[in-house]
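Let me begin by handing over the structure; questions about it come next.
The values are calculated or read from the model by the stated rules, or taken from the named source; none is laboratory data. Given the structure is predicted, the values throughout are model-derived calculations rather than measurements. Backbone-built Cβ (ideal geometry, glycine too); neighbour counts: all protein chains shown. Please note that ligands, DNA and RNA were not included when accessible areas were found on the heavy atoms of the full protein model with its side chains. Shrake-Rupley method; radii C 1.70, N 1.55, O 1.52, S 1.80 Å.
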Amino acid sequence: MPATSKRQPVYIFIICCIAAIGGFLFGFDSGVINGTVDGLQSAFDSDSVGTGFNVASILLGAAAGAFFAGRLADLYGRRTILLVAAAFFLISAWGSGVAESSLEFVIYRILGGIAVGAASVMTPAYISEIAPSRVRGRLATIQQVAIISGLFVSFLSNYLLAQIAGSSVSALWLDFAAWRWMFWIEILPAAFFLSALLFIPESPRYLISAGKEDKARKVLALTYAESELEAKVVEIKETLSSSHKPRLSDVINRATGKVHSIVWVGIGLAVFQQLVGINVVFYYGAVLWQSVGFSENDALLINVISGAVSIGACLIAIALIDRIGRKPLLWGGSVGMSVTLAILSYAFSTASMVDGSLSLSDDMGVIALLSANAYVLFFNVSWGPVMWVMLGEMFPNQMRGSGLAIAGLFQWLANFAITMTFPIMLASVGLTGAYGFYALCAVISTFFVIKFVKETKGRELEAMSYE
């Protein structure tokens with residue numbers, strides 16, 4: 001090993017943490033909307049459908065960001081796309097807070113969505129391509145810790161700002177409403193992300209695909225002994241087509257003319273992660289708890305508690321993912337979510353109308369709260385981190401960018417559909433019907449994992465199969 005080898009694990013960890021700041025901003029940008037719904041309704045005088053679109057608009061940008069980031073990263077590099085995403089996070093954070101109309105707000109949120117989508121696929125791809133296989137799962141799971149930390153910080157800052165101002169719609173510093181400051185808080189981590197990215201290397205797999213082998217060797221030297229470097233460079237080159245650089249058509253099997261089955265598995269993982277309804281909790285948590293009798297401040301505090309539970313669950317995932325593997329965590333999480341979502345659905349079915357609004361009994365309120373947090377725990381020890389880990393590592397080198405682009409597109413479209421339809425479901429079938437649907441999807445996801453998902457624990461990226 002090179003003389004600096006003792007410092008390399010620490011350096012790799014720091015590199016992965018810097019890349020994972022994209023996940024932090026992904027989480028913050030996704031969660032900050034939770035505490036601003038009342039402010040948006042008041043400022044823009046929007047109905048339930050309009051509010052739903054204001055909340056969900058970021059997801060349209062995320063779908064586009066995920067798709068184009070995957071493809072552009074094959075042309076310009078993983079780090080370059082993360083730099084662009086960081087700049088977009090900055091612009092969106094400022095613009096969302098200054099918006100004076102729904103249209104202006106949606107434009108800035110879509111811009112932020114492009115950054116979220118790009119970061120969501122590029123962060124796990126970058127980490128997977130720079131991390132050694134023996135700890136790749138743990139290092140890639142840092143992204144989910146960062147996502148949940150971003151959500152937690154957004155929930156906490158929303159809660160504190162609302163407490164200081166009196167409510168999210170009350171004036172705060174410089175006479176701007178508290179909900180506007182909730183968006184502006186994100187400017188600080190976005191600026192730090194943009195600066196820190198300048199100090200990390202490009203992905204070695206991208207560098208080899210771009211013909212920059214000398215630079216790739218320097219990065220690979222962080223994880224491989226000098227005697228292994230040339231063999232690894234040759235191995236990576238053998239997984240890349242000699243006739244063309246990675247492109248979207250690589251997802252098609254030339255022999256059959258059909259999409260490679262691994263792409264369908266990636267799409268399935270991406271879509272099921274959303275169909276279990278987790279982002280309803282992230283985006284509408286405050287609205288959900290207020291709808292069954294909790295005050296705005298209590299609802300925001302519950303979000304903070306859920307965020308803390310999520311971080312704890314991600315730490316458990318880090319401890320387990322490279323020991324027991326990805327697949328057991330996925331199907332175990334599906335079973336746990338099926339049960340807790342079913343309990344939630346039942347608890348909400350017992351709610352009664354009190355003074356024109358829903359209210360749970362004390363016992364059912366406790367059951368609903370415990371079940372919701374158990375559901376969040378099961379998700380964040382399984383589908384939350386593991387789906388992103390697998391998308392970052394399961395595709396062969398030649399089609400990793402394209403596979404991520406397609407899976408990321410479907411992930412964010414499913415996210416948009418679930419987020420956009422929740423207010424409509426709440427008005428039509430109520431919380432019971434909505435959570436009953438998410439429970440059914442969790443049950444189906446169990447069988448999907450058992451039948452179609454293959455284990456990737458400990459495998460080198462160069463050993464990943466097309467089928």
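Can you find, among Ile321, Leu207, Asn297, the residue farthest towards the positive end of the dipole of the chain? Put +1 on the C-beta of Lys and Arg, -1 on that of Asp and Glu.
Leu207
Would you mind calculating the relative contact order of the chain from Cα pairs under 8 angstrom and at least 6 residues apart, reporting the percent as a whole number? Please list the in-between numbers first.
Numbers: 840 pairs, mean separation 117.6, N = 467.
So the answer I get is 25 percent.
Any of Lys215/Lys237; Lys218/Lys327; Lys327/Lys451 with alpha carbons more than 22 Å apart? Name them for me.
Beyond 22 Å: Lys218/Lys327.
Let me ask something else. Can you sort Val281, Val376 by 1.4 Å-probe accessible area, starting with the largest?
Listed by decreasing accessible area, they come as Val281, Val376.
Ranked highest first by the average count of other Cβ atoms within 10 Å around their residues, in what order do 127-133, 109-115 fall? Numbers along the way, then the final one.
Working: 127-133: 22.7, 109-115: 26.1.
Result, highest mean Cβ count within 10 Å first: 109-115, 127-133.
Based on the Cβ-Cβ distance of Glu226 and Arg134, what FRET efficiency does E = 1/(1 + (r/R0)^6) give at R0 = 25 Å, to the nearest 0.05?
0.85
A further question follows. Would you calculate, for the chain, the mean residue ellipticity at 222 nm contributed by helices, counting each DSSP H stretch of 4 or more residues as -39,500 (n - 2.57) and dividing by all residues, to the nearest 500?
-25000 deg cm²/dmol
So, one more: Could you tell me which of Gly392, Val276, Ala434 has its Cα farthest along the dipole of the chain towards the positive end, charges placed at Cβ (Lys, Arg +1; Asp, Glu -1), taken about the Cα centre?
Ranked along the dipole, the leading option is Gly392.
Provide the gained length on full extension for the span Trp264 to Ala191, in nm with one decimal, where the gain is 0.36 nm per separating residue minus the Cα-Cα distance.
Full extension from Trp264 to Ala191 adds 22.6 nm.
Next question, about the same structure. According to a simple spin-label model (label point 7 Å from Cα along Cα-to-Cβ), what is the distance in nm between Leu160 and Asp175?
Here the modelled spin labels are 2.6 nm apart.
Something else now. Thr432 versus Leu370, label points 7 Å from Cα toward the beta carbon: distance in nm?
Those two pseudo-labels are separated by 2.2 nm.
Can you give the local net charge around Leu60? Use residues other than it whose beta-carbon is closer than 15 angstrom to its beta-carbon, Lys and Arg +1, Asp and Glu -1.
Computed value for this residue: 0.
For Lys212 and Ile424 in the same chain, what is the full-extension length gain: residue separation times 0.36 nm, less their Cα-Cα distance, in nm?
Roughly 71.2 nm would be gained on extension.
Give me the number: length gained by fully extending Leu440 to Phe13, i.e. 0.36 nm times residue separation minus the C-alpha to C-alpha distance, one decimal in nm.
Full extension of this stretch gives 149.9 nm more.
Here's a follow-up. Hey, can you find the accessible area per residue of the chain for me, probe 1.4 Å, expressed in square angstrom?
With the other protein chains kept in place, the chain gives 37 Å² per residue.
With a ≥ b ≥ c taken as the square roots of the eigenvalues of the C-alpha gyration tensor of the chain, please select rounded if a/c is under 1.5 and otherwise prolate if a/b is larger than b/c or oblate if it is not?
prolate
Any aspartates and glutamates with Cα under 20 Å of the Lys457 Cα? List them, leaving off those in the same chain fewer than 8 positions away.
Here the aspartates and glutamates satisfying the reach criterion relative to Lys457 are Glu129, Glu235, Asp322, Glu393, Glu467.
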